[in-house]
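The values are calculated or read from the model by the stated rules, or taken from the named source; none is laboratory data. Quantities reported herein were computed from a predicted structural model and do not represent experimental measurements. When we count neighbours, we look across all protein chains shown, and the Cβ atoms used for this are built from the backbone with ideal geometry, even at glycine.
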Amino acid sequence: MSFLVIATWEFALPGLKEAAQHLADNGSCLDAVEHVVKTVELNPDVESVGLGGFPNKEGVVELDAAIMRGKDLGFGAVVGVRQFIHPISIARKVMSDTPYCMLVGTGAEDFAQQHGFQKGELLTDQRRQEWLERKQRKSLADTGHDTIGVIALDLDGSMACGTSSSGLKMKHPGRVGDSPIIGAGLYADDDVGAAVATGVGEDIMRCCLCFYAVELMQQGKTPQQAAEATVTKAHTRLARTQKKIGNIALVCADNKGACGAAANHEGFGFCVASSDMQPRFMTVEPISSSE
């Protein structure tokens with residue numbers, strides 16, 4: 001059996017390198033996923049996740065995160081969490097220690113505090129200044145977003161995936177994207193594989209992107225074929241009824257260690273490492289569009 005870890009965006013590379021060594025040493029896929037996400041959540045230079053995440057239109061950073069275990073379809077998510085830097089760890093605690101799948105807002109925050117998670121200031125001086133400038137310009141949310149999404153396959157053949165995000169810039173308070181939504185922002189099933197998404201959550205949710213990609217792998221498509229077919233189908237379907245389509249990107253992996261990625265826009269890339277591949281960053285050519 002071989003291991004694999006794959007994650008969206010170049011900012012995942014430092015954590016992915018450490019996760020790859022963890023997996024090579026027979027570590028668990030859940031620990032690998034959580035580690036990569038936590039590393040990004042702690043990076044104040046990443047404006048879309050955790051510490052330094054961009055605030056909503058009221059100047060408050062709200063974080064969403066989710067984690068999924070492919071062995072038994074275990075799932076945990078937290079939504080709209082404020083003042084906790086590692087929502088991915090809170091989400092994992094929801095999955096492991098409660099009968100629930102999702103906690104939101106003050107309920108999630110109370111749960112985090114009861115389980116010893118420490119509060120901290122999320123809004124950095126740089127992000128505060130950028131927020132003030134956008135507020136003066138009356139600039140609303142962007143058309144894309146750089147969610148951290150991670151998939152891991154360990155040497156025991158188990159799979160897990162996770163996501164974490166601060167959501168669209170200048171979002172309405174309480175807005176939730178695809179990141180913590182099972183089947184949209186992430187999905188994992190040891191019988192098949194896993195997928196994680198990044199981009200505009202509203203469009204990703206409308207198409208149940210990640211569940212569809214895993215279903216295509218179940219039907220026999222390779223991860224690359226599944227990623228391309230999923231993004232193409234979503235983009236084509238949305239183009240029939242929407243004047244503007246947000247950024248949509250996806251990475252997939254199967255339970256044998258193959259992987260793939262696709263996007264409907266320029267500039268998307270992912271990091272990957274496996275038993276046969278040293279950690280590296282790779283870019284993705286956008287799918288061709290009939291739009």
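Could you pull out every one of the strands (runs of 3 or more DSSP E) wholly within segment 247-291 that has 1 or more residues that are over 17 Å from residue 159 (Cβ atoms) and without any contact (Cβ under 8 Å) to a residue 24 or more places away in the chain? The strands (runs of 3 or more DSSP E) meeting that bar are 277-283.
Here's the yes/no breakdown for (1) more than 20 Å from residue 179 (Cβ to Cβ); (2) at pLDDT 95 or above:
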{"position": "207", "(1), (2)": "no, yes"}
{"position": "213", "(1), (2)": "no, yes"}
{"position": "219", "(1), (2)": "yes, yes"}
{"position": "229", "(1), (2)": "yes, yes"}
{"position": "235", "(1), (2)": "no, yes"}
{"position": "244", "(1), (2)": "yes, no"}
{"position": "252", "(1), (2)": "no, yes"}
{"position": "261", "(1), (2)": "no, yes"}
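Is there a residue in segment 86-97 that is free of Cβ contacts under 8 Å to residues at least 40 places away in the same chain, exposed (fewer than 15 other Cβ atoms within 10 Å of the Cβ) and under 25 Å from residue 170 (Cβ atoms)? Within segment 86-97, not a single residue is free of Cβ contacts under 8 Å to residues at least 40 places away in the same chain, exposed (fewer than 15 other Cβ atoms within 10 Å of the Cβ) and under 25 Å from residue 170 (Cβ atoms). Only residues that are loosely packed, with under 14 Cβ neighbours inside 10 Å, among the hydroxyl-bearing types (Ser, Thr, Tyr) and modelled with pLDDT of 95 or more: list them for segment 263-291, please. Matches in segment 263-291: 283 only. Among the residues of segment 73-94, the ones that are of a type in the set (S, T, N, Q) and touching a helix residue (DSSP H, G or I) at 6+ places or on another chain (Cβ under 7 Å) come to 1 in all. Applying the set (1) of a type outside the set (Gly, Ala, Ser); (2) at pLDDT below 95; (3) on the phi > 0 side of the Ramachandran plot to residue 57 leaves exactly one unmet item: (3). Filtered by the rule that a residue be buried (at least 18 other Cβ atoms within 10 Å of the Cβ), under 19 Å from the mean Cα position of the chain (by Cα) and free of Cβ contacts under 8 Å to residues at least 60 places away in the same chain, segment 109-153 gives a lone residue, 141. Among residues belonging to segment 1-18 that are within 16 Å of the chain's Cα centre (by Cα) and hydrophobic (A, V, I, L, M, F, W, C), point out the one that is surrounded by the most Cβ atoms within 10 Å (Cβ to Cβ). Of everything passing the filter in segment 1-18, 7 is surrounded by the most Cβ atoms within 10 Å (Cβ to Cβ).
Scanning segment 117-136 for residues being within 25 Å of residue 38 (Cα to Cα), among the acidic types (Asp, Glu) and out of contact with any Leu (no Cβ under 9 Å at 6 or more places or on another chain) gives a total of 2. Of all the criteria given as (1) surrounded by 21 or more Cβ atoms within 10 Å (Cβ to Cβ); (2) in contact (Cβ under 8 Å) with a residue 40 or more places away in the chain, the one not satisfied by residue 39 is (2).
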